[in-house]
Structure formats: structure tokens, C-alpha cells
Amino acid sequence: MGSRAGATVHAVLFDVDDTLVDTKGAFRHALTTVAAEYLAADASLADVATFWRADRHGYYRAHTRGEMDHREQRMRRANDLHAEFGGALMSDAAYDAWDVVFEQGFQDGWRAFDDAHACLDSLDEAGIPYGALSNARFDYQSLKLATVGLERVPMLVGVDTLGFGKPDPRVFELAAERLGSVPSGTAYIGDELDIDAIAATRAGLSGYWLDRWGGTDARSDQGADGGKSEATQDGLTVPRVATLRKFSASIGAH
Ligand SMILES: [Mg+2]
């Protein structure tokens with residue numbers, strides 16, 4: 001039993017979006033409803049989804065740094081999407097109506113990944129406590145986890161808990177503390193190499209990169225060498241796993 005560094009894992013932290021919950025699929029669902037109502041008839045749904053997720057101006061990350069609120073980042077991204085795919089520029093009121101459509105489509109698309117419960121069962125059997133840490137709002141992520149049937153995972157820290165999110169080490173430290181653990185005894189897994197696995201490792205945790213799509217996903221292009229069991233960035237190397245089951249096995253919970 002132990003992490004790659006040989007340290008025993010006493011607690012586990014999960015990212016939420018695209019780690020426990022298939023948020024990518026939910027965004028596809030939301031954008032399908034938005035495209036039907038707002039975008040040019042010939043807009044490719046695949047292109048629309050890729051464009052949305054790329055967030056080319058980094059508005060969501062600015063939000064996680066506390067630089068703009070959630071509404072502002074989403075409205076800017078919505079208008080950027082419209083500019084690219086034949087939608088009209090939206091005023092505040094028009095955006096509010098758009099967001100109702102988007103949010104309903106998004107929430108209707110929320111699903112847990114198939115491997116989540118098996119991983120959690122393994123941790124329960126091994127007596128390892130766990131919880132979630134996210135760059136979205138605390139209450140919203142609690143609702144999301146409950147909606148997809150993962151209420152067994154307690155939310156510990158959201159972007160609004162401290163007013164900023166990952167990669168700041170303080171969010172990892174606080175989440176570990178809320179599990180009664182310390183960073184060196186805590187493993188963390190998330191789908192983004194930089195703000196999840198590398199940032200957690202930098203904060204003193206055992207950071208794991210969940211690379212479900214083997215580098216074929218637009219957001220995982222930092223590790224487009226499918227099949228490798230590790231990934232390196234900024235001089236730090238982290239374990240890379242394709243499923244949550246492989247993660248629980250690798251920390252000694254089978
Ligand atoms: Mg994520």
C-alpha cells in the first residue's frame with residue numbers, strides 16, 4: 001500500500017468535473033440545446049463543443065483566480081461563441097434568457113462516470129476517507145454530486161470557499177485538513193494535468209492525473225502520448241491513470 005513516493009495514503013480528494021461527473025458530456029448536451037435555438041443552422045456541434053471547452057480567452061480560469069464572477073465569465077464565453085458560430089451579440093437581458101436554456105441543458109446532461117462507485121467502494125473497504133475539491137461553487141457542486149447519485153462524496157472546498165481555486169496550494173491544504181489529514185498523507189486525482197495533478201503535487205499531496213481519453217481530448221493535449229503511465233510538466237512527474245479503478249488500485253485500495 002502506498003503512493004508512488006512510498007507514502008501511505010490516509011485520505012483521498014477528488015476533482016468533480018470530468019473526474020467523478022461527465023461534465024464534458026453535459027456541456028455537449030447544453031450546447032446542443034443552445035445551438036438549436038441561437039446558432040447558425042450549419043454550425044457543427046463538434047466544433048461548437050470544442051470551441052466552448054477551449055475557452056480561448058481563459059475567462060473561466062480568470063474566474064477561478066477571483067478576477068471575474070461566474071456570470072461575467074459565462075456571458076463573455078457565450079458572446080464569443082455567438083460571434084464564432086453565427087449567433088447575435090447578447091445584452092444582459094438576452095444573456096439571462098440564454099443562460100436559462102444553457103443551464104437547463106447542462107443540468108439535464110449531468111451523469112456520474114461508470115467507474116466512480118467502484119472506486120469509492122474500494123476506498124470504503126480500505127477505510128480511506130474521501131471528499132471533493134472543485135473550482136466551481138460549493139453549493140452548485142454539492143447539488144451536482146447529489147443529482148448524479150454521488151451524495152456519498154462530501155464537498156469540502158469550492159472556488160467560493162477561499163475566493164480562489166486550484167492551482168493555489170491553499171485549497172488543497174484546506175481540503176486535506178477537512179478530511180482530518182495532512183497533504184503528505186493525501187492523494188488527489190483530477191483530469192487536468194496542470195491545475196490538478198501538478199498543482200496537488202506542488203502542494204505536497206500525491207497528485208494523480210486522470211487521463212480518460214488518452215490525450216485525444218482537446219483539454220488533455222498536454223499528454224498526447226497515449227499509454228504512458230506518467231506525465232511530466234515543469235519538472236514534476238505524476239502518475240497517469242485512465243480510470244478511477246486504476247487509481248484506487250494504485251493507492252492500494254482494491
Ligand atoms: Mg475537472
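Data for the structure
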quantity	calculated
Amide N of the stretch 36-71 lying under 14 Å from the label point, which is placed 7 angstrom from the Cα of E103 along Cα→Cβ	70-71
Solution diffusion estimate, µm²/s, Stokes-Einstein, the chain, Kirkwood Rh from C-alpha pairs, 20 °C, viscosity 1.002 mPa s	115 µm²/s
Globularity index of the stretch 99-184, i.e. its alpha-carbon radius of gyration over 2.2 N^0.38 Å	1.19
The chain, accessible surface, carbon-and-sulfur percent (1.4 angstrom probe)	51 percent
Qualifying GluC sites (Glu not before Pro) for the stretch 53-96 [loop in DSSP, other Cβ within 10 Å: at most 15]	E67
Inter-centroid distance (Cα atoms) of the stretch 125-179 relative to the stretch 1-75, Å	16 Å
Radius of gyration, Dmax [the stretch 58-147; alpha carbons; angstrom]	17.3, 54
Cα-centre dipole for the stretch 80-216 with unit charges at Cβ (Lys and Arg positive, Asp and Glu negative), debye to 20	400 debye
Gain upon complete extension [A118, D47; 0.36 nm per residue less C-alpha separation]	22.2 nm
DSSP H segments from the chain that extend 27 Å or more along their own axis, Cα-based, with Kyte-Doolittle mean of 1.0 or above	none
Heavy-atom accessible area per residue - the chain, 1.4 Å, Å²	43 Å²
P(r) histogram, all alpha-carbon pairs of the stretch 24-108 included - 10 Å bins from 0, percent	18, 55, 26, 1
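The values are calculated or read from the model by the stated rules, or taken from the named source; none is laboratory data. The structure presented is a predicted model; accordingly, all values stated were derived computationally and were not measured. Backbone-built Cβ (ideal geometry, glycine too); neighbour counts: all protein chains shown. To get the accessible areas, we keep the full protein, side chains included, count just its heavy atoms, and leave off ligands, DNA and RNA. Shrake-Rupley method; radii C 1.70, N 1.55, O 1.52, S 1.80 Å.
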